[in-house]
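K.L.:
This structure is in structure tokens; I'll ask about it shortly.
The values are calculated or read from the model by the stated rules, or taken from the named source; none is laboratory data. Remember, it's a predicted structure, so these values are computed and weren't measured experimentally. Cβ coordinates were reconstructed from backbone atoms using ideal geometry, including for glycine residues, and neighbour counts include every protein chain displayed.
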Amino acid sequence: MKVEEVKVCILIIEGTNCEEETSQAFRRSGASPEIVHLKQLLGQDTRPEETRKLGDYQILVIPGGFSSGDYVRAGAILAARIKSRMEGALVEFIEEGKPVLGICNGFQILVELGVLPGIQSTMSRYPTASLGWNDSGRFECRPTLLENWNKGKCIFTSMLERGQIIQAPTAHAEGKFMLPKHREKELLDTLKDNDQIVFRYVDAEGQIAGYPWNPNGSLFSIAGICNSEGNVFGMMPHPERTYFGFQQADWTRNVPDNGDGKAVFESVLDYVAKKF
């Protein structure tokens, strides 16, 4: 199919606040995004003409923000609402090979859903990872440098080279990627072996480093992971905020034609256009 025919569902509820930037990133890449409220997918409190079906879209995106105020835990409430009302539709969407992207709060939601890490099943009954409070104990908003650690499995980074370093800002209080202590080594080794680690935080020399380069203390400096099939991807930094070169932190010294984040959107659109 042609890129302009690709329909992108950008899912929102109360508290989402990054949907417009995400929509514009896909639109400027040539696709046809639509901002869709959860109630539209559930057919709840909506007019018939406003109801939507997840299966009618080729890409699902859960953007950043503070869904339901991040009460209980970041992303927990929206994840519970999705799982209770549309688990089957989401599992079918993923198993058809359709891409799912979670940015920041969206990453938190995918982890809460049990869709990520997605090692042994499409959606686990309980979360097998978590995104906890930053080591600093506060909200961190800063530019971050990310190394593409993926060898090719993740469909969202196909236009990036292995080891390439890109820039994208973080803005979160709960972004520390963690695995259960009693299974930490086992699960981390599995993520490495499965090529599921996508982005890692690095410093200006491209080396793994601590705070502030790693803004949250994440295990193995993980900034983003994909599922075992490579079509579900979650990352804490915001690629939609470096779509243009002038959005990058060093724009006054070096303004590239395109921002680093653009590759994420163009990679997934290239995959969909070839597959569907």
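K.L.:
State whether the residues of the stretch 132-152 include one that is of a type in the set (Lys, Arg), closer than 25 Å to residue 183 by Cβ and in contact with a Gly (Cβ under 9 Å, 6 or more places away or on another chain).
P.N.:
In the first step, residues of the stretch 132-152 are kept if they are of a type in the set (Lys, Arg); the result is 138, 142, 151.
Next, from what is left, pick out any that are closer than 25 Å to residue 183 by Cβ: 151.
Subset that is in contact with a Gly (Cβ under 9 Å, 6 or more places away or on another chain): none.
No, the conditions are met nowhere in the stretch 132-152.
K.L.:
Among all residue pairs at least 6 apart or on different chains, which show Cβ distances below 7 Å where the first residue, located in the stretch 65-87, is over 14 Å from residue 102 (Cα atoms) and the second is in a loop (DSSP other than H, G, I, E, B)?
P.N.:
Within 7 Å, the pairs are 68/13; 68/14; 68/15; 69/15; 77/71; 87/123.
K.L.:
Let me ask something additional. Select from the stretch 165-223 the residues that are among the aliphatic types (A, V, I, L, M) and part of a helix (DSSP H, G or I) and write down the one among them that is surrounded by the most Cβ atoms within 10 Å (Cβ to Cβ).
P.N.:
Let us first name the residues in the stretch 165-223 that are among the aliphatic types (A, V, I, L, M), namely 165-166, 168, 171, 173, 178-179, 187-188, 191, 197-198, 202, 204, 208-209, 219, 222-223.
If we keep only those that are part of a helix (DSSP H, G or I) as well, we get 187-188, 191, 219.
On the way: 187: 17, 188: 17, 191: 23, 219: 16.
Filtering first and then ranking leaves 191.
K.L.:
Just checking, how many residues over the stretch 149-162 are surrounded by fewer than 19 Cβ atoms within 10 Å (Cβ to Cβ) and more than 17 Å from residue 191 (Cα to Cα)?
P.N.:
The qualifying residues number 3.
K.L.:
Of the conditions (1) touching a residue at least 40 places away in the same chain (Cβ under 8 Å); (2) within 30 Å of residue 255 (Cα to Cα), residue 196 clears all except one; give me its number.
P.N.:
All conditions are met except number (2).
K.L.:
Can you name every one of the helices (runs of 4 or more DSSP H) wholly within the stretch 4-119 that holds 3 or more residues which are surrounded by fewer than 24 Cβ atoms within 10 Å (Cβ to Cβ) and at pLDDT 95 or above?
P.N.:
Qualifying helices (runs of 4 or more DSSP H): 19-28, 38-42, 76-95.
K.L.:
On the given criteria, is residue 184 without any contact (Cβ under 8 Å) to a residue 40 or more places away in the chain and not polar (S, T, N, Q)?
P.N.:
yes
K.L.:
Right, here's the next one. Going through 267, 228 one at a time, which residue ends up being within 30 Å of residue 92 (Cβ to Cβ), in contact with a helix residue (DSSP H, G or I) (Cβ under 8 Å, 6 or more places away or on another chain) and either of a type in the set (S, T, N, Q) or part of a loop (DSSP other than H, G, I, E, B) (or both)?
P.N.:
On the way: 228 fails: in contact with a helix residue (DSSP H, G or I) (Cβ under 8 Å, 6 or more places away or on another chain).
Exactly one residue qualifies, and that residue is 267.
K.L.:
Working only within the stretch 209-230, note down all residues that are under 12 Å from residue 102 (Cβ atoms) and either out of contact with any Phe, Trp or Tyr (no Cβ under 7 Å at 6 or more places or on another chain) or free of Cβ contacts under 8 Å to residues at least 24 places away in the same chain (or both).
P.N.:
Restricting attention to the stretch 209-230, the residues satisfying the condition of being under 12 Å from residue 102 (Cβ atoms) are 224-227.
Scanning the stretch 209-230 gives 225, 227.
K.L.:
Let me ask something else. Just to be sure I understand the filter: pairs with C-beta atoms under 7 Å, separated by 6 or more residues or on different chains, first member in the stretch 238-250 and assigned to a helix (DSSP H, G or I), second member crowded, with 16+ Cβ neighbours inside 10 Å and among the polar types (S, T, N, Q). Which pairs pass?
P.N.:
240/22; 241/247; 242/167; 242/248
K.L.:
Let me ask another. Name the single residue, out of those in the stretch 129-148 being part of a loop (DSSP other than H, G, I, E, B), more than 17 Å from the chain's Cα centre (by Cα) and touching a residue at least 40 places away in the same chain (Cβ under 8 Å), that is farthest from residue 185 (Cα to Cα). Spell out the reasoning first.
P.N.:
From the stretch 129-148, those part of a loop (DSSP other than H, G, I, E, B) are 129, 133-139; that's our starting set.
Those left that are additionally more than 17 Å from the chain's Cα centre (by Cα): 133-139.
Subsequent filtering for residues that are touching a residue at least 40 places away in the same chain (Cβ under 8 Å) retains 133-136.
Values: 133: 21, 134: 21, 135: 20, 136: 24 Å.
Among residues in the stretch 129-148 that are part of a loop (DSSP other than H, G, I, E, B), more than 17 Å from the chain's Cα centre (by Cα) and touching a residue at least 40 places away in the same chain (Cβ under 8 Å), the one farthest from residue 185 (Cα to Cα) is 136.
K.L.:
Still on this structure, I have one more. Pairs needed: first member in the stretch 20-48, closer than 14 Å to residue 4 by Cα; second member anywhere, small (Gly, Ala, Ser) and assigned to a loop (DSSP other than H, G, I, E, B); C-beta distance under 9 Å; at least 6 residues apart or different chains.
P.N.:
25/261
K.L.:
So which residues in the stretch 86-104 are out of contact with any Gly (no Cβ under 6 Å at 6 or more places or on another chain) and not acidic (Asp, Glu), if there are any at all?
P.N.:
Start the filter on the stretch 86-104 by keeping residues that are out of contact with any Gly (no Cβ under 6 Å at 6 or more places or on another chain), which leaves 86-101.
Across the stretch 86-104, the qualifying residues are 86, 88, 89, 90, 91, 93, 94, 97, 98, 99, 100, 101.
K.L.:
Take residue 168 and tell me if it is of a type in the set (A, V, I, L, M) and over 15 Å from the mean Cα position of the chain (by Cα). Break it down stepwise before answering.
P.N.:
On the way: of a type in the set (A, V, I, L, M): yes; over 15 Å from the mean Cα position of the chain (by Cα): no.
So residue 168 does not fit the description; no.
K.L.:
Restrict the check to the stretch 253-275 and report whether at least one residue is farther than 18 Å from residue 157 by Cα, crowded, with 22+ Cβ neighbours inside 10 Å and of a type outside the set (A, V, I, L, M, F, W, C). So that I can check it myself, show each step before the final result.
P.N.:
Initially, the stretch 253-275 is screened for residues farther than 18 Å from residue 157 by Cα, giving 253-257.
From the residues that got through so far, the ones that are crowded, with 22+ Cβ neighbours inside 10 Å too are none.
No; the residues of the stretch 253-275 include none that is farther than 18 Å from residue 157 by Cα, crowded, with 22+ Cβ neighbours inside 10 Å and of a type outside the set (A, V, I, L, M, F, W, C).
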